[in-house]
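Here is the structure we will look at.
The values are calculated or read from the model by the stated rules, or taken from the named source; none is laboratory data. Fair warning: this is a prediction, and the values are worked out from it, not measured in the lab. FYI the Cβ positions are ideal-geometry reconstructions off the backbone, even for glycines, and counts take in every protein chain you see.
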Amino acid sequence: MPGRPDQSSAEEALAGAERKGFRLAVIGRTGALVAFAFFYLTLYAFPNNVYVAGVLLLAAAIGLIPLRLARSRFERTARFALFALDAAAASAILAFAPLSSGGDVPQNLVFLSSRTEYFYVIVAASILALSPALVIWTGLCAVIGLASATAWIMLGMERIVSLGDLPSSPSRDDVFAVLLSPYFLGIPVRVIEGLVILLVTCIAALAVHRARNVVRANAAGEVERNRIQRIFGRYVPPQVAEQLTQGGQLAPQLRTASILFADIEGFTRLSETLPPERVIRMLNCFFGAATAIIDERGGVVVNYIGDAFIAAFNAPLPADDHPDRAVNAARDLLSLVSEQVFEGHQLRLRIGVATGPLAAGTVGGEARHTYTLYGDTVNLAQRLEALNKDFGTDCLISGSTFDGLHPVCLDAVAMGTLQVRGRERSARVYALSGQTRHSSVR
């Protein structure tokens, strides 16, 4: 069904984000619990400090178990269980951990401390797992835990003094008598705390939901971008397709580059003897092998023109040694056609290589663009390819290409300074050594 690959990729991306986020939450939780344990050990009196610290360290160790269940069928269950355990632990601290080891301090006064704030820390940690359901679960566990701790404390009280015991217009003494009573338990305040935890939970879950949508959109966009790039890369150089899909257009370039123009000799006569489908298969087979050679040498096949193609070195991909790369690619292409047959036929190539300034970029109308090269260097490469007919050679290179070659590549034969058709200026021309077939003009 359409869209299913995108959905699958998005879900995989979300699962990975959840897993990384939960791991971060566990690491943060472990560090916080260890810090709290040492806090209780140093600031509270013995033996309560040891009891509380021991419980905290045990909870820290238990929290590491879900990390061992990653990618198992119990992975999600372990996450829910861990945050439920944290909420239960915070509730137990609220209900059972004494305020002081020095006497029988009423447990209801625990609400005067900051222990209820532990619930907010637990809810905040659950956000890292990027699961709205987990956030809501954690918030509900916190509220249930707060309510359970409050109910447990109420059951242990002889009587309860609450804000409802204040008169309609309480005096200062009335307020002090209620708020400072050892039996005071602000039930409305506890209700408000529970509602605030639920509100924070809902806001956090909504934020996580929006974050998940962003992850889905990014994953779907990446899949679509790769799909377009794969399709688009069939018609333009893959490197150009990548830049186009990222930026929408390719910035114009003006640089010195080496151009290779290759054409199949006698292709018209050959194609007249073959069915069209065999001609296409032969071209596809040859172009596939030739493109692989150009790619391996660091060039880019810019365009296929009938039975010919044009490749660029140092445009759009940078390559400082572009003359060497272009000439070596020409040698490889000539070796390819001498050693391999395509659809049962041996092919021969004529190649022209020129080096010089050129302009490169995307051109076209509003609805359609193409990547192309402009300049005298491009024209010279084409003219040199055609000039092979006159010299009986397979590959001619320009003087500027020859001048840019590394010394180990200087195995070329000077053909003289020639007036190339279509150019006002003459050009020094060289033939690759060993590539001259015969000296007579055909």
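Scanning the range 193-225 for residues that are within 16 Å of the chain's Cα centre (by Cα), surrounded by fewer than 18 Cβ atoms within 10 Å (Cβ to Cβ) and among the charged types (D, E, K, R) yields R216, E222, E224, R225.
Of all the residues that make up the range 104-144, how many are of a type in the set (A, V, I, L, M, F, W, C) and either surrounded by fewer than 18 Cβ atoms within 10 Å (Cβ to Cβ) or in contact with a strand residue (DSSP E or B) (Cβ under 7 Å, 6 or more places away or on another chain) (or both)?
Of the residues in the range 104-144, 8 are of a type in the set (A, V, I, L, M, F, W, C) and either surrounded by fewer than 18 Cβ atoms within 10 Å (Cβ to Cβ) or in contact with a strand residue (DSSP E or B) (Cβ under 7 Å, 6 or more places away or on another chain) (or both).
Every test in (1) more than 30 Å from P275 (Cα to Cα); (2) surrounded by fewer than 16 Cβ atoms within 10 Å (Cβ to Cβ) is passed by A329 save one, and that test is (2).
The rows are residues; the columns are (1) basic (K, R); (2) touching a residue at least 40 places away in the same chain (Cβ under 8 Å); (3) out of contact with any strand residue (DSSP E or B) (no Cβ under 8 Å at 6 or more places or on another chain); (4) on the phi < 0 side of the Ramachandran plot.
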site	(1), (2), (3), (4)
S271	no, no, yes, yes
R278	yes, yes, yes, yes
R281	yes, yes, yes, yes
A312	no, yes, no, yes
L317	no, yes, no, yes
D321	no, yes, yes, yes
A329	no, yes, no, yes
L358	no, yes, no, yes
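Evaluate the following for R210: is it under 17 Å from A124 (Cβ atoms) and either without any contact (Cβ under 8 Å) to a residue 40 or more places away in the chain or assigned by TED's automatic domain parsing to the domain that holds S162 (or both)? So R210 passes the test. Going through (1) farther than 28 Å from A17 by Cβ; (2) at pLDDT 90 or above one by one, V178 falls short only on (2). Taking first residues from the range 407-421 that are more than 20 Å from L387 (Cβ to Cβ) and partners that are modelled with pLDDT under 85, no Cβ contact under 7 Å between residues at least 6 apart in sequence or on separate chains turns up.
Would you call A87 of a type outside the set (S, T, Y) and in contact with a Cys (Cβ under 9 Å, 6 or more places away or on another chain)? Answer is yes for this residue. Scanning the range 55-87 for residues that are among the hydrophobic types (A, V, I, L, M, F, W, C) and either touching a Pro at 6+ places or on another chain (Cβ under 7 Å) or without any contact (Cβ under 8 Å) to a residue 12 or more places away in the chain (or both) yields L58, A61, L69, F74, A78, L82. Which members of the range 34-72 meet the condition of being modelled with pLDDT under 85 and more than 20 Å from S100 (Cβ to Cβ)? Once the filter is applied, which keeps residues that are modelled with pLDDT under 85 and more than 20 Å from S100 (Cβ to Cβ), the range 34-72 yields A59, A70, R71.
Kindly check whether there is at least one residue in the range 312-324 that is out of contact with any Lys or Arg (no Cβ under 6 Å at 6 or more places or on another chain), at pLDDT 95 or above, buried (at least 20 other Cβ atoms within 10 Å of the Cβ) and among the aliphatic types (A, V, I, L, M). For the range 312-324, residues out of contact with any Lys or Arg (no Cβ under 6 Å at 6 or more places or on another chain), at pLDDT 95 or above, buried (at least 20 other Cβ atoms within 10 Å of the Cβ) and among the aliphatic types (A, V, I, L, M): absent. No other residue among T355, T370 is hydroxyl-bearing (S, T, Y), assigned to a strand (DSSP E or B) and surrounded by 18 or more Cβ atoms within 10 Å (Cβ to Cβ) apart from T355. Determine, yes or no, whether S148 is within 23 Å of L185 (Cβ to Cβ), over 32 Å from the mean Cα position of the chain (by Cα) and not in a loop (DSSP other than H, G, I, E, B). Taking the combined requirement at face value, the residue satisfies it.
Filtering the range 144-153 for residues that are in contact with a Cys (Cβ under 8 Å, 6 or more places away or on another chain) and either closer than 30 Å to A84 by Cα or at pLDDT below 85 (or both) leaves an empty set.
Yes/no per residue for (1) at pLDDT 70 or above; (2) touching a strand residue (DSSP E or B) at 6+ places or on another chain (Cβ under 8 Å):
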| site | (1), (2) |
| --- | --- |
| F402 | yes, yes |
| L410 | no, no |
| L418 | yes, yes |
| R421 | yes, no |
| E424 | yes, no |
| Y430 | yes, yes |
| T436 | no, yes |
| S440 | no, no |
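Report yes if some residue within the range 111-121 is part of a helix (DSSP H, G or I), within 30 Å of C202 (Cβ to Cβ) and acidic (D, E); otherwise report no. Yes, the range 111-121 contains at least one residue that is part of a helix (DSSP H, G or I), within 30 Å of C202 (Cβ to Cβ) and acidic (D, E).
Give A315, A326, A330 a once-over and let me know the one that is within 31 Å of the chain's Cα centre (by Cα) and not in a strand (DSSP E or B). Give the derivation first.
Values: A326 fails: within 31 Å of the chain's Cα centre (by Cα); A330 fails: within 31 Å of the chain's Cα centre (by Cα).
Among A315, A326, A330, only A315 is within 31 Å of the chain's Cα centre (by Cα) and not in a strand (DSSP E or B).
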